[in-house]
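Enquirer: Quick one: this structure, given as structure tokens, is what I'll be asking you about.
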Amino acid sequence: MARYNGPRLRIMRSLGVQLPGLSSKKWDERKAYPPGMHQGKQRKKLSVYGTQLREKQKLRFNYGMGEKQLRRFVDMSFQKRGNPGENLVQFLESRLDNVLFRAGYARTIIAARQLVVHGHVVVNGQRVDKPAFLVKKDHKIAMSPKGAKFGHVVASLEQPALARPEWIGFDEGSKVTTIVLQPSHESIPFPIEIGQVIEFYSK
């Protein structure tokens, strides 16, 4: 399945959750029903499969990945020693586009991905243009001299979309980000039952 490029608020209403990586806009939580012609009706109780699918879709849309790409990260999570759910969280949160977003350089992961693809991001002094690049502990991330002057980057750093998580260190003077810890399940900025995602892909 290709990466989604349609209305973002519609997706969040459908899933019933705010996905900060997908959009900085807020959907009206007073509308506790999904979009469509049957407005005003409450959500139906989901089956086990429906619950697992919903949790998987939260990850896919928030991190802006296609189905094949998410599946690849899940496979990597099973291959790595330890809890597959925690492994998956570490992989997703450690993607370069997400790190840029969580550090405050962009308002969404989608905007952060654009910065990476166009060559405005430097990791340990080397330009990296792959959004799925996995940063590791002690890696240092910064904008290129040109990218650091972009108005939307400056504005985002002055008022980040989210508070920076504890695994990200940020130097206000140099505007350099350092990975100080491994991301954990608690660092995901929206409610997610990661075990349901693992169950979905374990079939």
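Derivation of every value follows stated rules applied to the coordinates shown; laboratory data play no part. None of these values were measured; they are calculated from a predicted model. FYI the Cβ positions are ideal-geometry reconstructions off the backbone, even for glycines, and counts take in every protein chain you see.
Enquirer: Greater than 24 Å separation of Cα atoms is the criterion. Which listed pairs, Lys26/Lys140; Lys68/Lys149; Lys45/Lys80; Lys130/Lys203; Lys80/Lys130; Lys26/Lys58, meet it?
Expert: Lys26/Lys140; Lys68/Lys149; Lys45/Lys80; Lys130/Lys203
Enquirer: So for the pair Val48, Phe190, with labels modelled 7 Å out along Cα→Cβ, what separation do we get in nm?
Expert: So the label points at Val48 and Phe190 sit 2.6 nm apart.
Enquirer: Report the full-extension gain for the segment Tyr201 to Ala163: residue separation times 0.36 nm, less the Cα-Cα distance, to one decimal in nm.
Expert: 10.6 nm
Enquirer: What value does the chain have for Rg/Rh, both radii from Cα atoms and Rh as Kirkwood defines it?
Expert: Rg/Rh: 0.98.
Enquirer: Give me the one-decimal nm value for the distance between modelled label points at Lys140 and Asp75, 7 Å along each residue's Cα-to-Cβ direction.
Expert: 3.6
Enquirer: Using a Gaussian network for the chain with springs between C-alpha atoms less than 10 Å apart, which of these wobbles most: Ala155, Ala111, Ala103?
Expert: The residue with the greatest mean-square fluctuation here is Ala155.
Enquirer: I would also like to ask the following. Each label point is 7 Å from the Cα along the Cα-to-Cβ direction; what then is the distance between the points at His152 and Gln126, in nm?
Expert: Simple spin-label model gives 2.8 nm for this pair.
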